[in-house]
1. Filter region 146-158 down to the residues that are assigned to a helix (DSSP H, G or I), in contact with a Pro (Cβ under 8 Å, 6 or more places away or on another chain) and among the aliphatic types (A, V, I, L, M) and list them by number.
2. How do the pairs read when you match residues in region 188-213 that are among the acidic types (Asp, Glu) with residues anywhere that are surrounded by fewer than 17 Cβ atoms within 10 Å (Cβ to Cβ) and modelled with pLDDT of 85 or more, using Cβ under 8 Å and keeping only pairs 6 or more apart or on different chains?
3. For Arg79, only one of the following conditions fails: (1) surrounded by 12 or more Cβ atoms within 10 Å (Cβ to Cβ); (2) in contact (Cβ under 8 Å) with a residue 24 or more places away in the chain; (3) more than 25 Å from Leu251 (Cα to Cα); (4) not polar (S, T, N, Q). What is its number?
4. Take the residues in region 126-150 that are in contact with a Ser or Thr (Cβ under 6 Å, 6 or more places away or on another chain) and farther than 23 Å from Lys112 by Cβ, then tell me which one is surrounded by the most Cβ atoms within 10 Å (Cβ to Cβ).
5. Please verify whether Ser90 is under 20 Å from Thr176 (Cβ atoms), without any contact (Cβ under 8 Å) to a residue 60 or more places away in the chain and surrounded by 15 or more Cβ atoms within 10 Å (Cβ to Cβ), treating the condition exactly as stated.
6. If I filter region 14-28 for residues that are in a helix (DSSP H, G or I) and among the β-branched types (Val, Ile, Thr), do I get at least one hit?
7. Which condition does Arg263 not pass, out of (1) within 27 Å of Trp118 (Cβ to Cβ); (2) modelled with pLDDT under 95, if it passes all the others?
8. Give region 246-289 a look and list any residue that's more than 24 Å from Ala136 (Cβ to Cβ), of a type in the set (Ser, Thr, Tyr) and more than 18 Å from the chain's Cα centre (by Cα), or say none.
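The values are calculated or read from the model by the stated rules, or taken from the named source; none is laboratory data. Bear in mind that the values here come from a model prediction, so they are computed numbers and not experimental data. Glycine gets a Cβ as well: all are built from the backbone with ideal geometry, and neighbour counts include every protein chain shown.
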Amino acid sequence: MPDFLLSALLGVVEGLTEFLPVSSTAHLRIVEALLRIDLHDGFWKMYTIVIQLGAILALPVYFRERIMQFIRTFPKGERGDRTIFTHPLSLTLIAFVVTALPAWALTKQIGKNLESLWVMAWALLIGGIVMWIVDAVFTRPRVSHMEEMSLPQAVWIGAMQILSAIFPGTSRSMSTIAAGEVAGMSRPAALEFSFFLSMPTMIVATGYDFLKTVAPYHHGETAGNLAPLTMNGHEWIVLAIGFVVSFFVALGVVAWFMHWVRRRGLAPFAIYRLVLGTVLLTLLARGLM
């Protein structure tokens with residue numbers, strides 16, 4: 001497959017799956033395995049990071065008015081009932097810290113799991129079951145808007161997001177939406193907080209991955225790294241295509257998903273996870289992947 005077409009395809013996959021509760025990591029890994037892409041190649045490592053960045057940037061663009069609203073009302077909130085610890089921006093930061101510290105401590109284990117399609121298959125399957133049950137059982141939310149969240153709810157959601165870091169295939173969206181519903185939040189409120197929490201989480205995660213990819217390893221080892229200035233024009237175009245495609249597809253998906261969640265449940269995504277997880281486990285068991 002030509003590199004430009006491959007870049008567009010991977011950009012679409014990333015943009016479609018990054019913010020839906022189906023795991024973009026698992027989808028990219030599956031597509032890369034099917035297309036026999038060398039995951040240890042420095043350029044493709046950088047490419048994966050760049051298209052993730054494209055998807056991330058869709059969030060501040062879509063939520064720009066909400067972000068400005070939160071900045072203007074910090075720290076008391078629009079109703080004057082918030083504090084520096086309970087304002088939505090503060091809760092987002094607190095949940096991020098709760099996620100980031102354990103994830104950083106478990107970096108080696110996370111790296112191992114990212115190489116395992118078995119882990120992703122089971123995470124897809126189990127996550128689908130959990131999401132279906134949570135969406136069916138927790139139907140009487142106490143919190144309808146992100147502005148009404150409490151500190152314990154933010155800490156709980158941040159803690160549950162750790163699962164998506166440790167077990168790729170779980171999905172950040174799935175873990176945070178399900179955790180929010182369990183904590184008494186409505187689906188739209190949980191989804192919006194999930195998106196806000198994704199911004200610092202993904203920016204830091206992709207930034208860290210980028211530095212690992214382009215910077216020399218310790219002890220003078222440089223094999224496997226890729227300095228951006230050594231890339232040729234063809235590779236820059238491939239990166240640009242993936243970045244742009246991922247950004248615009250993700251922007252459309254975020255807008256569509258916010259509308260969907262307000263009117264419908266998450267059962268279709270749970271079913272999709274169950275089917276994909278089952279198919280992937282079957283292919284792995286037969287040695288076809």
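1. Met146
2. Glu192/Arg66; Glu192/Met258
3. (1)
4. Only one residue tops the list, namely Pro141.
5. Criteria met by Ser90.
6. yes
7. For Arg263, the exception is condition (1).
8. Across region 246-289, the qualifying residue is only Thr282.
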